[in-house]
Amino acid sequence: MALIIHLLSCLLGLGSWVAINGVWVELPLLVPYAPEGWELPSYLTLLIQFANIGPLVVTLIHKFRPGYLREAPIIFVLLGVGVLACLLLAFLWQKTSLVGGTYRSTALLVLIFCLSLVDCTSSVTFLPFMTRLRPDYLTSYFIGEGLSGLMPALLALVQGVGMVICMPVNNTEINGTQLNRNLTALYQSARFPVWGFFLFLTGMMATCMIAFTILNMTPIDQCQGDHGETMGRRQIDQGSGSWGRGVEQRPMMGHDEFVVKTARRWKGLGRYSWGQVLFIFLVLTWVNGLTNAVLPAVQTYSCMPYGTQIYHLAAALAAMANPLACGIAMFLPNRSLITMGILTATGSACAGYIMSMAVLSPCPPLLQTNIGGTLMVLGWVLFVGILSYVKVIIGIILRDEGHSALVWCGAVVQLGSMLGALTMFPLVNVYNVFHSGNPCHHNCPS
């Protein structure tokens, strides 16, 4: 039974971010057909930030109406919306409509927003639900959460990306010679189509929903085992009388002692000084701004000049770098602020290279060489991998500092992401700092 609960917990974690991670790695096949073109990733980053209204509402209800919301019904609704949105994407992702005189991918954007709402809200519903189970099941949940980025990336690599064929149009004839005035890009299909990829995501979300249903129907004593029964008796003896709070929320020290220790640490009397705390949170803001909004918004501009295959590899391998870095951090944990600073500088240097290539789009250096594309893929993998490891370092540090530190951690993560998205969207879509190209017309100096 324990093995089954571990598997179900892993599948629940898998559904937490698999939908949006899947959309990100599928973007190389969506961008050529979307009216937004190379601007599509910047719309996606902004939609994800708007979707944070979901966890905000849940948090406020918990704050002002304690006990009013139950996680199980909310999770059922979220997973149901996720399954339906993925299924509709398979058939509607190419549907457009006229908005303000311009054609927009309305169906794609609306459904991506729904998936963003599901995944963002999962952060404040899935984990509280997991407190019903033994603490070791939480590890299985986080393994599944890591796989939510790995599995779509692996599928995207298997799917591949279609070749681009430049077909001549508007030919003219001079002295019996055909001159191609214009070339248009025709994108061949990948090994299996976009709708097949979205159906796969639908299956994964449906599997997550089935796993949650079984977990929710499983008697609580079977989920907690002997350890859970012992802790439950202790809770009842203490007068709590509620299983819903779970073993994770049992205080490990008196409330007054916890408050005093937390206050001392955050006043600089504990492990870290005020200056060090400020440094940690500034790094956290910077890193999440880069990884969650700034660089994803310009991924097309940095990669597409080198070809759709380079874009495809960069998106898929970068998605795989995240869980890999988290796995390394599990075996090589680190709390050194010096190491954190060095790695942040290194990851920022990779980000600087990627951003400079995006600014120079559609004519970056080494455009028509294998070296240019290789460096771009390597830059994205190192950028995501290194800064993901930095985020784990910060998470380890703040976890040791107590509950209040983790609350601030979550707030700063969202602040960094929001600042990055609000900065990049006008630069990409209003001021046109970045320029898209044509795969059949480089017009770049050799």
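The values are calculated or read from the model by the stated rules, or taken from the named source; none is laboratory data. Model, not experiment: these values are computed from the prediction. FYI the Cβ positions are ideal-geometry reconstructions off the backbone, even for glycines, and counts take in every protein chain you see. For accessibility, only protein heavy atoms count, side chains too; no ligands or nucleic acids. Shrake-Rupley method; radii C 1.70, N 1.55, O 1.52, S 1.80 Å.
Tabulated data
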read-out: Those residues of the range 26-45 which are outside any loop (DSSP other than H, G, I, E, B), open to solvent by less than 20 Å² (accessible area, probe 1.4 Å) and under 23 Å from Leu427 (Cα atoms), in sequence order; value: Leu27, Pro28, Leu30, Val31, Gly37, Leu40, Pro41, Ser42, Leu44, Thr45
read-out: Qualifying residue in the range 310-318 (condition: hydroxyl-bearing (Ser, Thr, Tyr), open to solvent by 20 Å² or more (accessible area, probe 1.4 Å) and in contact (Cβ under 8 Å) with a residue 12 or more places away in the chain); value: no
read-out: Ser122 vs. criteria modelled with pLDDT of 85 or more and over 18 Å from Phe331 (Cα atoms); value: yes
read-out: Top-ranked residue of the range 325-345 - restricted to ones that are aliphatic (A, V, I, L, M) and surrounded by fewer than 19 Cβ atoms within 10 Å (Cβ to Cβ), ranked as modelled with the lowest pLDDT; value: Met330
read-out: Residue count for the range 284-304, restricted to those that are open to solvent by less than 10 Å² (accessible area, probe 1.4 Å) and of a type in the set (Val, Ile, Thr); value: 3
read-out: Top-ranked residue of the range 304-348 - restricted to ones that are of a type in the set (A, V, I, L, M) and out of contact with any helix residue (DSSP H, G or I) (no Cβ under 8 Å at 6 or more places or on another chain), ranked as nearest to Gly160 (Cα to Cα); value: Met330
read-out: Residue count for the range 347-375, restricted to those that are open to solvent by less than 60 Å² (accessible area, probe 1.4 Å) and under 30 Å from Phe279 (Cα atoms); value: 10
read-out: Candidates Val118, Val77, Val110, Val81 - the one that is open to solvent by 50 Å² or more (accessible area, probe 1.4 Å), part of a helix (DSSP H, G or I) and touching a Leu at 6+ places or on another chain (Cβ under 8 Å); value: Val81
